[in-house]
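Below is one structure, written out as structure tokens; the observations come after it.
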Amino acid sequence: MSWVEADADGVVEWERSDGYATIRLRERHDGSWAVRLDRLFQAPEGQLYRRETAPTETAARAVVERWQTEFDVEEPAA
């Protein structure tokens, strides 16, 4: 599946194309970056919540990319 990006008020969020998971990236008050993954309990693979902080935006975006790969799901066969 794919992840669709939306940006609002300094928070960037990606939603998985099935709608069951989101990843959010934001800058914290101290200049570090927070990344969180929220997968709904309705998701086929079950509920999950993760949060990491990173010292730079580049490092935080690396977490986003890793999670997008790790928590992606296969498109259903047509």
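The values are calculated or read from the model by the stated rules, or taken from the named source; none is laboratory data. Please read these numbers as outputs of a predicted model, since none were measured by experiment. With ideal geometry, Cβ positions are generated from the backbone for all residues, glycine too; neighbour counts draw on all protein chains shown. Remember, those area values only see protein heavy atoms, side chains included, never the ligands or the DNA or RNA. Shrake-Rupley method; radii C 1.70, N 1.55, O 1.52, S 1.80 Å.
Couple of notes before you dig in:
- The lone exception for Asp9 - which of (1) modelled with pLDDT of 95 or more; (2) out of contact with any Asp or Glu (no Cβ under 9 Å at 6 or more places or on another chain) it fails: (1)
- Pick from the range 27-78, criterion open to solvent by less than 50 Å² (accessible area, probe 1.4 Å) and in contact with a helix residue (DSSP H, G or I) (Cβ under 9 Å, 6 or more places away or on another chain), ranking: nearest to Glu15 (Cα to Cα): Leu37
- Residues in the range 26-78 that are free of Cβ contacts under 8 Å to residues at least 12 places away in the same chain, among the hydrophobic types (A, V, I, L, M, F, W, C) and over 18 Å from Ser2 (Cβ atoms): Phe41, Ala62.
- Residues that are in contact with a Pro (Cβ under 8 Å, 6 or more places away or on another chain) and part of a loop (DSSP other than H, G, I, E, B) occur at least once in the range 32-48.
- Pick from the range 1-26, criterion among the hydrophobic types (A, V, I, L, M, F, W, C) and under 19 Å from Thr69 (Cβ atoms), ranking: most open to solvent (accessible area, probe 1.4 Å): Val4
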